[in-house]
Amino acid sequence: MSSGFSAGRGGKVVTTFEAGEVALLRSLVSMVLGLVAPGETSDDPLERALGIGGGVAPSDPVLARLFPSAYEDAQDASEFRRYTEATLRDGKRADAQTLLDTAEPGRGELTPEQAQAWLRALNDVRLTLGTKLGVTEEIHEEIEKMSEDDPRYPAFVTYDWLTYLQDSLVRALW
């Protein structure tokens, strides 16, 4: 199993992954990339050029988790989403692509900027998987009680591994 991340010289972050772990990360990040494809933009050419969207909150629970409403008031939330969601989607895709471009088996190094992108991409993967699994704060107790024959077991263990990776990356950065 991966030793996760550790602090390197000059602010760099050292990665150590097995080939199977890299394949799993790539698969999960690719899934998120598919979810955060560019959203719908306005029919107005100027608004489309500026990336101004329709402002409609996503009905998919995963997308609602990745792009939560900024305001409780529906009108305010819609207006805010209209001006920000396209940029948020672009950022999530850029972070995911950085992880895909830099994930490699064995020992590697990430610049501080790449490590920050990894942190955001891992968070998006955890949010996606956690939402799909219905993860609660009692996840560790659930995993302990779960039989390894349970069809959900691999997904819950993967979520736990992603949590470990994210924690080790945060520790390596700070």
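A few points about this structure:
- Expected-Rg normalisation [2.2 N^0.38 Å, Cα atoms] applied to the stretch 101-174: 1.25
- Ranking 154, 121, 83 by Cα position along the charge dipole of the chain, where only Lys, Arg, Asp and Glu carry charges on their C-beta atoms, puts 121 farthest toward the positive end.
- Cα-centre dipole for the stretch 58-139 with unit charges at Cβ (Lys and Arg positive, Asp and Glu negative), debye to 20: 220 debye
- Restricting the stretch 61-95 to chymotrypsin sites (Phe, Trp or Tyr not before Pro) that sit in a DSSP loop and have at most 13 other Cβ atoms within 10 Å of their own Cβ leaves 71.
- Straight-distance crosslink candidates among lysines, where the alpha carbon sits under 21 Å from residue 145 and sequence neighbours closer than 8 are dropped: 132
- Farthest toward positive dipole pole in the chain [+1 Lys/Arg, -1 Asp/Glu at C-beta], among 58, 38, 174: 174
- Cβ-placed point charges (K, R +1; D, E -1), dipole of the stretch 128-174 about Cα centre in debye, nearest 20: 300 debye
- Between the stretch 78-126 and the stretch 139-163, the Cα center-to-center distance that results, in Å: 25 Å
- Loop-resident GluC sites (Glu not before Pro) (DSSP state other than H, G, I, E or B) in the stretch 71-174 with no more than 10 further Cβ atoms inside 10 Å of their Cβ: 72, 137, 138, 148.
- Ranking 143, 108, 67 by Cα position along the charge dipole of the chain, where only Lys, Arg, Asp and Glu carry charges on their C-beta atoms, puts 108 farthest toward the positive end.
- Along the stretch 6-20 the Karplus relation, 6.51 cos²θ - 1.76 cosθ + 1.60 evaluated at θ = phi - 60°, assigns HN-Hα couplings of 8, 6, x, 7, x, x, 6, 10, 8, 10, 9, 9, 7, 4, x Hz to successive residues, with x for each Gly and Pro.
- Computed from point charges on the beta carbon alone (+1 for Lys and Arg, -1 for Asp and Glu), the dipole magnitude for the chain about its Cα centre is near 620 Debye.
- Cα-only Debye scattering, the chain: base-10 log of I(q)/I(0) at q = 0.10, 0.11, 0.14 Å⁻¹: -0.46, -0.55, -0.83
- Carbon plus sulfur fraction of accessible area for the stretch 21-174, probe 1.4 Å, in percent: 52 percent
- Eligible lysines near residue 12 by straight Cα distance, threshold 29 Å, same-chain separation 8 or greater: 92
- For the stretch 23-34, Karplus couplings with θ = phi - 60° (6.51, -1.76, 1.60), whole Hz, Gly/Pro x: 4, 5, 4, 4, 5, 5, 5, 5, 4, 5, 4, x
- Under a 5 Å amide H cut-off, with hydrogens placed 1.01 Å from N, residue 4 pairs with 16 among residues at least 5 apart or on other chains.
The values are calculated or read from the model by the stated rules, or taken from the named source; none is laboratory data. All figures in this text were calculated on a predicted structure; none of them were measured in a lab. All Cβ positions, glycine included, derive from the backbone under ideal geometry; neighbour counts span all protein chains shown. We work out accessible area using only protein heavy atoms, side chains counted, and drop any ligands, DNA or RNA first. Shrake-Rupley method; radii C 1.70, N 1.55, O 1.52, S 1.80 Å.
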